[in-house]
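Data block below; observations after.
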Amino acid sequence: MITIALDAMGGDHAPRAEVEGAVLAARQYGVRVVLVGIESKIRAELNRHSHRGLSIEVVNATEVITMEDSPSHAFRKKRDSSVHVGAKMVRDGKADALVSAGNTGAVMAIARFVLGQLPSVDRPALAAAFPTAKGNPAVLLDVGANVDSKPEQLEQFAIMGEIYYRTIFGTRRPRVAILSIGEEEMKGNELTREASNRLKQTGLNFTGNVEGKDFFKGNVDVIVCDGFIGNIVLKISEGLVEHVGGMLKKALKSSVSAKVGYVLSRHAFDEFRKKIDYSEYGGVPLLGVRGITVIGHGRSNSNAIKNAIRVAGELCRAKVNEKIEQELSAVGAGVRV
C-alpha cells in the first residue's frame, strides 16, 4: 500500500480541508495517509468524519510553517514543522511521498535539502497542468523553482516533464515545445535557442517553439520555460480564470431573460468551471528530488487535497523518479552546477 505523508497544517483551510481530503483519498484510492501536524487539532477534525476501516494515521509535529515564513527561516528554525516531519518520513522510508498545500518556497527548500536531488538532476522543477481547448491538459515547467535557468536545465525540464505527462495522462509520445515569442526557429533569446538546439538531439517528440497566444490551444503537451517566466504565466492564468468565471456568472444573471438562460445553462456552466478548476489537478509535483513531492495551492479545498494525494500515489506506482534518473543518465542531459 502506498503511504502518503500529508502536511495537515499547510493550507489556508488547514486542517479541515486536509483531513477531509485524506478521508476521501483513503476511501477512493486505497492509499495509506499519515496526517502530520498538531495532533490535538487533527484528531478533533478527524472525529467529524467516518473513517473506520480507512488507513489513516496521525503523526505529531509541534511547529507550523506560515505563508509569511521565508524558506530559509522555515528550514533552519522550524525543524519540527509538519513539512519537516513529513519530509523526514519520506527520507527514512516511512512514507512514499510528501503532499503539502503550504508555503511553496518552504516546501521546496525542505524537500531539496532533506530529501536531496536525484543524482543526474541539476535543478528540480515544478510542473503545473493547465486545461486546453482540445480537452487534453498541457503541462508547463518550470513554474517557479528556478529563476535563472541554463539551456541544459531546460533540456532536463523537458525530459522530466515528458515522463510526468506519460505517467499521469497516459500519452505515449507527448509533444514537447519551448515557450517563446514566436513559432519560427530563430525567434527567442539565447536561452530558448540553445535549449531548442539541445532538444533536437534528444529522442523527445520535440515540435519547436510555442507562443503565449497558443498556450491553451492544446497543440502541444509539455511546454518548457524558465521558472521566472513560468511563474508569471501561472499567476496570470489563475487570475484570468477567476476573472472570466466571475464575468460569465455576472453576465448570465444580469437580466430576467439571462436568468432563465442561466438556469438552463447551469449544467454547462458547472462543466466549464470543473474543466478550469485547479482542484481537479490536485497539485504541482516537484520533479527531480529523491522523494515524490506534490505541492498544492494554498487555497486547496478537500477535493484538491484528495487529487494531490492521487497524483502522488500515481507517481509512486509508476516509479517516476527511477524513470527520470534512467533517462537523464542515458542522454547525459545537463552539466552539474
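Some notes on this structure:
- When residues of the stretch 12-28 are limited to those that are in contact with a helix residue (DSSP H, G or I) (Cβ under 7 Å, 6 or more places away or on another chain) and within 14 Å of Ile38 (Cα to Cα), the one surrounded by the fewest Cβ atoms within 10 Å (Cβ to Cβ): Arg16
- Selection count, the stretch 5-54, where residues are basic (Lys, Arg) and in a helix (DSSP H, G or I): 4
- For the stretch 30-44, the set of residues classified as buried (at least 18 other Cβ atoms within 10 Å of the Cβ) and either at pLDDT below 95 or hydrophobic (A, V, I, L, M, F, W, C) (or both) consists of Val31, Val33, Val34, Leu35, Val36, Ile38, Ile42, listed by residue number.
- Test: residue in the stretch 231-242 that is of a type in the set (Ser, Thr, Tyr), modelled with pLDDT of 60 or more and not in a helix (DSSP H, G or I): no
- Checked against the criterion of being aliphatic (A, V, I, L, M), within 23 Å of Ser300 (Cα to Cα), crowded, with 24+ Cβ neighbours inside 10 Å and touching a strand residue (DSSP E or B) at 6+ places or on another chain (Cβ under 7 Å), the candidates Ala129, Ala87 yield just one match: Ala87.
- Residues satisfying the stated conditions in the stretch 195-213, i.e. surrounded by 16 or more Cβ atoms within 10 Å (Cβ to Cβ) and of a type outside the set (A, V, I, L, M, F, W, C): Ser196, Arg198, Thr202, Asn205, Thr207, Gly208, Asn209
The values are calculated or read from the model by the stated rules, or taken from the named source; none is laboratory data. In this text, all values refer to a predicted model and were calculated from it rather than measured experimentally. Here Cβ is always computed from backbone atoms with ideal geometry, including for glycine, and neighbour counts include all displayed protein chains.
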